[in-house]
Amino acid sequence: MKRWLGWLLVAILLMGLGVWGWRFLFPSPEKVIRARLNRMAQLATFAGNEGPLAKLGNAEELAGCFTSDVAVAADSPGAGPLTLHGRDNLLHWLLGVRANLSALKVEFLDIQVTIHADGRTALAYLTCKAAVPGEPDFAVQEFNFLFSKTGRNWLVYKIETVKTLSRL
Amino acid sequence: MGTERDSSTSWGWLRVVLIGRKPRFTVVRIVVLVTVVFWLRAEVILPIRMQGVSMLPTYPTWGINFVNRLAYRNSPPQRGDVVAIRTSGESIMYLKRIIGLPGETVAFHEGRLLINGQAWPEPYIKNPCHWEMPEERVGLDEYFVVGDNRSMAIEDHYHGRMPRARLVGRIML
C-alpha cells in the first residue's frame, strides 16, 4: 500500500513537471504577448544616466517590437494627438523622447489580452502610466495594442487610444 | 532548573502573543480574517491612494480614501457624487464629480455649469473660473464627470462623458 502510494506521488510529480515544462517551452500566445508588453515597458523606461549607446540600443529594440508598417494614433489628455506611420518614424520619435526627457518610467497595467479566432492576430487592452521621476503628476492613457504573428514573433501593427472619458 | 523554567516561561509568553493559547483557533481566525478582508476589498470597500490635482481643493494632491462599491447597487448615481472611474482595470482610476445625468445636456458658460440650459449651483467649487464649453448631450447610459479644480484651463482638465459600466463606486470620505 505504501509502495503504491509512493509511485502515485512520483507519477503526479512527474506529470506536474511535464505540464510545467511544456508550458515553459511552448508558452501560450497570451503569455508571449504579456511578456512582450512587459519588455516593451522596460525598454520605454529610461534613467537620466542612460548612455548614448544604450539609448540607441534600447530604442531600436523597442522599435523592433513593431511591424515595419505600424500605425500609431494616440491622443492623450495633456499631450495632444500623435500620429505615426512606419517603424522608422516610430524609432525617430522614440529617440526624440529620450533626447527631450531627463528620465521616464513607463508601466503597462491591467493588461487584457484577446487572441482572435484566426490565431494570428490579437488585441491587448491596457492602461499606460508614464511618469517622469521626481515630478508629482503622471500621465495615464488607455490603449489598444493590436498584434499580428509574424513568423514566430508577435509584433504590434497598430496602437490606438481608448478614451476613458468621451467628448463631442 | 530555575533557568530552564524561566526560559520556558518566556517562550510560553511569546508563544501566546504570536499564535495564541489555542493555535488551531488562531489559524481559523487568520483564515477568516484574510478571507473577509479580500471579500470586502473585492465587493464592498476599495482603499485608494489619491494622486493628482484634478480634484483640488476638495481632495488634496496626495491622500487616502475609500470607494464604496455598493453605493449604486440600489440607487442610481446622483449629481454631485464624487466617483471612481475604472480604466482597463482598477490599478489606476480617475476621481471625478458627476455633474450631468443620463439624457441631460451639459455646458459651461463664464464658468457656470448649465444643465439643460439652466444655471446649476456648485457649492463645492472654491476657485471661480471662466470655462466655456458648448452644450453636450449625455447618453442614456452615461454620466458627465469633471474635477473640482476649475482654476485649471479647461483644455488641460480631463473631463467628459463616461459609460455607467466604468463606474466603480462612490468616494466615502
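Scanning the stretch A:131-157 for residues that are within 28 Å of B:ASP156 (Cβ to Cβ), touching a Ser or Thr at 6+ places or on another chain (Cβ under 9 Å) and away from chain B (no Cβ under 11 Å) returns A:VAL132, A:PRO133, A:GLY134. Of the numbered criteria (1) away from chain B (no Cβ under 14 Å); (2) outside any loop (DSSP other than H, G, I, E, B), the one A:ASP118 fails is (2).
Are any of the residues in the stretch B:77-87 more than 14 Å from every other protein chain (Cβ to nearest Cβ), assigned to a strand (DSSP E or B) and within 30 Å of B:VAL37 (Cα to Cα)? Walk me through how you get there before you give the answer.
Step one: list which residues in the stretch B:77-87 are more than 14 Å from every other protein chain (Cβ to nearest Cβ), which gives B:77-82.
Of the ones still in play, those that are also assigned to a strand (DSSP E or B) are B:82.
Subsequent filtering for residues that are within 30 Å of B:VAL37 (Cα to Cα) retains B:82.
Looking for residues that are more than 14 Å from every other protein chain (Cβ to nearest Cβ), assigned to a strand (DSSP E or B) and within 30 Å of B:VAL37 (Cα to Cα), one finds at least one in the stretch B:77-87, hence yes.
In the stretch B:138-173, the residue that is farthest from the other protein chains (Cβ to nearest Cβ) out of those that are without any contact (Cβ under 8 Å) to a residue 40 or more places away in the chain and crowded, with 17+ Cβ neighbours inside 10 Å is B:ARG150. Scanning the stretch B:125-140 for residues that are charged (D, E, K, R) and not in a loop (DSSP other than H, G, I, E, B) yields a count of 3.
When you scan the stretch A:61-84, do you find a residue that is exposed (fewer than 13 other Cβ atoms within 10 Å of the Cβ), part of a loop (DSSP other than H, G, I, E, B) and in contact with an Asp or Glu (Cβ under 7 Å, 6 or more places away or on another chain), even just one? Within the stretch A:61-84, one or more residues are exposed (fewer than 13 other Cβ atoms within 10 Å of the Cβ), part of a loop (DSSP other than H, G, I, E, B) and in contact with an Asp or Glu (Cβ under 7 Å, 6 or more places away or on another chain).
Every residue, every condition in (1) more than 17 Å from B:VAL168 (Cβ to Cβ); (2) among the charged types (D, E, K, R), yes or no:
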residue: B:PRO47; (1), (2): no, no
residue: B:GLU110; (1), (2): yes, yes
residue: B:ALA119; (1), (2): yes, no
residue: B:TYR124; (1), (2): yes, no
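Using the structure shown, decide if A:THR45 is out of contact with any helix residue (DSSP H, G or I) (no Cβ under 8 Å at 6 or more places or on another chain) and surrounded by 15 or more Cβ atoms within 10 Å (Cβ to Cβ). Talk me through it step by step, then tell me what you get.
Working: out of contact with any helix residue (DSSP H, G or I) (no Cβ under 8 Å at 6 or more places or on another chain): yes; surrounded by 15 or more Cβ atoms within 10 Å (Cβ to Cβ): yes.
Yes.
Where a number appears in this text, it was derived from the coordinates with a stated rule and is not lab data. Everything numeric in this text was worked out from a predicted model, so none of it was measured. Because the Cβ atoms are built from the backbone with ideal geometry, glycine has one as well, and the counts that use them run over all protein chains shown.
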